[in-house]
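Please treat every number below as a calculation from the coordinates, not as lab data. As the structure is a computational prediction, the values presented were derived from the model and not from experiment. We place every Cβ from the backbone using ideal geometry, glycine too, and count neighbours over all the protein chains shown.
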Amino acid sequence: MIFCVHVYMCTCVPDMSHPIVKFLTYLEIERNYSDHTILNYKIDLDEFFDFLNGLSLKDVDYPVLRRYVAHIRQRNLRPRSVARKLSCLRSFFKYLQREGIVDKNPATLLMTPKLDRKLPNFLSEGEAEALMESPKHDKALELRDRAIFETLYSTGIRVSELVGLNENSVDMIGNVIRVMGKGKKERIVPIGDKAIEAIREYCEKRLKKSQALFLNKGGQRLTTRSIGNIINKYIQRTSIHKKISPHALRHSFATHLLNRGADLRSVQELLGHQNLSTTQIYTHLTTEKLRNVYNQAHPRA
């Protein structure tokens, strides 16, 4: 049974003909949206239907949507949360119009709030190396932790993609890994020799065999939260005085590649970004390096 049907089995809308259920089914089957995104859209649409209080979708016009926007703004939500809710409504009414459920799409006129692009936190090359070297012992768990750090930094994959890796996802001869990314899209990512060696040492020493690559003490697949706890433990062993999340290794991967001359399109492919604009945020992090190059090279700098 597909995800969105599971979601609604325990809610007030079990009817498979309901527009929300049909829309979420469309997102999952035809658009390959992730479970996380579908769940967020379900929450947003449930909230919207509560606001409508029985009003027919055919009677929803732009003034109704404006009142809804005012309603959610009263909750002092972050601009990014508001933007997601409005994006959900636009997609929902576009789908309804395409299916002939409504005659017009009243959400086309909704304006998305301007979002500030927050610069991601990242490690310097020296700090990244210090983190890689922080697991010192040859016990199975420390070998696992080193393999995790090396894999994240070597490939730039998301933490959710890391915990989803299986042992057969890693091609140790071809130096690539097979990753299931956002939208359930598979991609092939290069992985460096040091990361491959770290994975090999860990697999030789780990106490339990499993299809999953990275296991906890009980032999179960690690969770994304577990990865965060592991990184926090090792940050305390180093001289790194930053608040580092697992995603910071992905940011470090992209920043260091660009600093060393990689082109933006290649970094986009490696990160699995659908749009180049998502990758362009990393160009802001290389400004200082470009300024130094300019000062050294330009005769009138």
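Taking the Cα centre of the chain as origin and charging only Cβ (+1 Lys, Arg; -1 Asp, Glu), how large is the dipole, in debye to the nearest 20?
About 680 debye.
Please give the helix 79-98 orientation as an angle from the longest Cα principal axis of the chain, in degrees from 0 to 90, rounded to the nearest 10.
Approximately 50 degrees, to the nearest 10.
Can you return the aspartates and glutamates within cross-link range of LYS114? Criterion is Cα-Cα under 17 Å, with same-chain partners fewer than 8 residues away left out.
Within the straight-line cut-off, LYS114 pairs with nothing.
Can you work out the FRET efficiency for the pair SER124 and GLN296, with r the C-beta to C-beta distance and R0 = 25 Å, to the nearest 0.05?
0.80
I'd like to know which of LEU165, ASN40, TYR95 lies farthest towards the positive end of the charge dipole of the chain, counting +1 on Cβ of Lys and Arg and -1 on Cβ of Asp and Glu.
Result: ASN40.
When ranked by the protection proxy of mean other Cβ atoms within 10 Å per residue, highest first, what sequence do the peptides 51-62, 228-239 form?
Highest to lowest by the protection proxy: 228-239, 51-62.
Taking Cα extents along the principal axes in Å as the quantity of interest, determine which of (1) 64, 63, 34; (2) 96, 45, 34; (3) 51, 45, 40 was computed from the displayed structure.
Here the calculated entry is (1).
How high is the FRET efficiency from GLN74 to LYS185, r the C-beta distance, R0 41 Å, rounded to 0.05?
According to the calculation, E is roughly 0.65.
For helix 62-73, what angle does its Cα long axis make with the longest principal axis of the chain, in degrees from 0 to 90 and rounded to 10?
Between the helix axis and the principal axis of the chain, the angle is about 50 degrees.
Return one number: the angle in degrees, 0 to 90 and rounded to the nearest 10, between the long axis of the Cα atoms of helix 247-259 and the longest principal axis of the Cα atoms of the chain.
Approximately 70 degrees, to the nearest 10.
How would you order 156-163, 71-78, 88-95 from highest to lowest mean count of nearby Cβ atoms within 10 Å?
Answer by packing, highest mean first, reads 156-163, 88-95, 71-78.
Over 26 Å between Cα atoms, which of LYS58/LYS184; LYS22/LYS85; LYS184/LYS233; LYS136/LYS242 qualify?
Correct reply: LYS58/LYS184; LYS184/LYS233.
Taking the Cβ of ASN105 as the center, what net charge do the other residues with Cβ under 10 Å away carry, scoring Lys and Arg +1 and Asp and Glu -1?
Counting the neighbours of ASN105, the net charge comes to +3.
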